[in-house]
Structure formats: C-alpha cells, structure tokens
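Data block below; observations after.
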Amino acid sequence: MEQIPLAAARRESIGKGPARQMRVEGQVPAILYSGGQEAAKLTLDKAEIDRVMRVSSGGTAFLSLTIGDDAPRMAVIKELQFDYLGKTVLHADFYEVRADQELTIDVPIELTGEPKGMTTGTLLSQTAYTAPVVGTVASIPDSLSLDVSEMEIGDALYSEELELPEGAKLESEEPFMVVSLSEAVLALEEEEELEGEEGEEGEEGAEGEEGAEDEKKSEEGGE
C-alpha cells in the first residue's frame with residue numbers, strides 16, 4: 001500500500017485552551033502512539049491533514065510521518081475527530097507500525113467492466129464499498145478490483161471473488177455480498193402495490209367512519 005508523506009512538529013502544550021488556539025492558527029493537535037513507548041504529542045498543518053484525507057480512502061492510509069528533523073516513521077491513522085458537520089478534523093491519533101507487523105485495514109473495492117445483462121430497467125447495486133484486509137504494509141493493496149462484466153440479471157458477486165495479492169487475506173472467512181444486478185422495475189411494482197393497499201385501507205376506514213356517523217344520527221333521531 002502506498003505511503004502518504006505527512007510532516008508534523010512536536011508540542012508541549014496540552015488541554016482544551018491550547019488546542020483551541022492551535023485550530024484558530026490553522027493547526028491540528030495530534031498524538032502518535034508507539035508500542036511500549038510514551039505517546040508523542042504533535043501538531044499538524046490543517047492543510048496537510050486535509051490533503052491526506054483527500055488522497056486516502058475514508059481515513060484509511062499508511063503514512064510516512066516525519067516529526068521535525070527525525071527520520072520518517074511508518075504510521076497509520078488510528079482515529080480522527082471531526083467537528084459537528086463531520087468535515088473539519090479537530091484531532092488526529094496515529095499509530096506507529098513496523099514493516100513486518102500484521103495489520104487489518106479497510107481497503108476500497110472498485111468495480112470494473114460493464115455487466116453483460118445491464119439494460120434499461122436494470123439496477124447494479126453495490127452493497128459493500130470496502131473490505132477488511134489483513135497483511136503487512138507491503139502486502140495490503142491500495143484497492144481491490146472486482147470484474148462485473150459477466151453479470152446477468154439476478155447475479156450477485158461476493159467477497160470470496162475478490163482477488164488479493166500474495167501475503168494478504170480477508171479478515172473474515174464468512175463471504176459477504178459486494179454487488180448485485182436486478183430488475184429495477186420490480187422495486188417500482190412493489191412500491192405501487194404497497195401504495196394501492198394503503199389506498200384501499202384508507203377507503204375502508206372512511207366508509208367505516210361514515211357508517212358509524214349515520215348510525216349515530218339515526219339513534220339521536222330516535223331519542
């Protein structure tokens with residue numbers, strides 16, 4: 001998997017006040033966790049973390065993290081905290097990894113080809129956009145491709161049909177659906193049928209109310 005370069009600086013300040021001031025100045029507070037070592041408190045340029053988010057897949061990325069003048073470290077994004085709109089990164093946690101360390105990363109799935117059975121009125125529905133892959137930094141791919149060109153109406157492709165490079169495997173052996181090709185008109189007919197049933201229920205309810213009203217008036221007239 002490709003490593004994305006990211007520069008950071010060390011910081012001494014902690015707490016909400018200093019963190020708020022960093023954000024005002026276009027900086028993002030961060031922490032780098034390393035197994036068995038004290039976590040390093042960092043600060044990043046907001047523009048830099050935004051760049052990483054643009055080129056990574058949903059926050060999943062391998063980083064070549066350079067802290068000041070130190071040699072680059074291999075790291076992954078552990079957690080990102082966003083604002084209430086879910087757009088601006090407020091805090092970042094990174095985790096340092098070794099080249100031989102086995103990791104689990106959600107890798108994006110890309111569909112290739114045009115389904116053989118794709119016509120007007122059919123629907124190609126992708127139900128899984130990522131797959132959890134286990135491997136080392138070198139063995140985990142940037143993306144997984146799935147060829148849909150042989151699909152006919154009613155077909156579905158599952159995770160077991162994803163091609164993985166040597167040294168990488170799916171986290172779960174239980175297959176899950178990735179994409180299916182179906183008749184879109186079926187969904188429309190079911191919706192119209194459901195609307196028809198609701199309409200009939202409404203009419204029956206109205207008729208029942210009218211009957212009850214007539215009966216009430218008859219009783220009042222008798223009194």
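The values are calculated or read from the model by the stated rules, or taken from the named source; none is laboratory data. Quick caveat, the model's predicted, so the values are computed rather than measured. Backbone-built Cβ (ideal geometry, glycine too); neighbour counts: all protein chains shown. The accessibility values were calculated without ligands, DNA or RNA, using every heavy atom of the protein model including side chains. Shrake-Rupley method; radii C 1.70, N 1.55, O 1.52, S 1.80 Å.
Values computed for the structure shown
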quantity: Qualifying residue in the range 131-154 (condition: modelled with pLDDT under 90, of a type outside the set (Ser, Thr, Tyr) and under 30 Å from residue 22 (Cβ atoms)); calculated: yes
quantity: Filtered residues of the range 163-177 (kept if part of a strand (DSSP E or B) and under 14 Å from residue 106 (Cα atoms)); calculated: 169, 170
quantity: Unmet criterion (only one of (1) open to solvent by 50 Å² or more (accessible area, probe 1.4 Å); (2) at pLDDT 90 or above; (3) not in a helix (DSSP H, G or I)) for residue 160; calculated: (3)
quantity: Residue, least open to solvent (accessible area, probe 1.4 Å), within the range 101-120, restricted to residues that are in a strand (DSSP E or B) and among the charged types (D, E, K, R); calculated: 106
quantity: Restricting the range 21-59 to residues that are over 17 Å from residue 90 (Cα atoms) and of a type outside the set (Gly, Ala, Ser), the residue that is nearest to the chain's Cα centre (by Cα); calculated: 55
quantity: Per-region count, the range 121-144, residues open to solvent by less than 50 Å² (accessible area, probe 1.4 Å), assigned to a loop (DSSP other than H, G, I, E, B) and either closer than 21 Å to residue 63 by Cβ or of a type in the set (Phe, Trp, Tyr) (or both); calculated: 6
quantity: Residue satisfying condition, being over 18 Å from the mean Cα position of the chain (by Cα) and without any contact (Cβ under 8 Å) to a residue 12 or more places away in the chain, within set 83, 70; calculated: 70
quantity: Some residue of the range 58-70 being in contact with a helix residue (DSSP H, G or I) (Cβ under 9 Å, 6 or more places away or on another chain), at pLDDT 85 or above and either open to solvent by 50 Å² or more (accessible area, probe 1.4 Å) or in a strand (DSSP E or B) (or both); calculated: yes
quantity: Filter pass, residue 77 being free of Cβ contacts under 8 Å to residues at least 40 places away in the same chain, open to solvent by less than 60 Å² (accessible area, probe 1.4 Å) and under 30 Å from residue 177 (Cα atoms); calculated: yes
quantity: The range 77-100, residues that are outside any strand (DSSP E or B) and over 15 Å from residue 61 (Cα atoms); calculated: 83, 84, 85, 86, 87, 88, 100
quantity: Flag if residue 147 is open to solvent by 70 Å² or more (accessible area, probe 1.4 Å) and more than 22 Å from residue 37 (Cβ to Cβ); calculated: yes
quantity: Of all residues making up the range 80-89, the number that are open to solvent by less than 70 Å² (accessible area, probe 1.4 Å) and either out of contact with any Leu (no Cβ under 8 Å at 6 or more places or on another chain) or among the charged types (D, E, K, R) (or both); calculated: 4
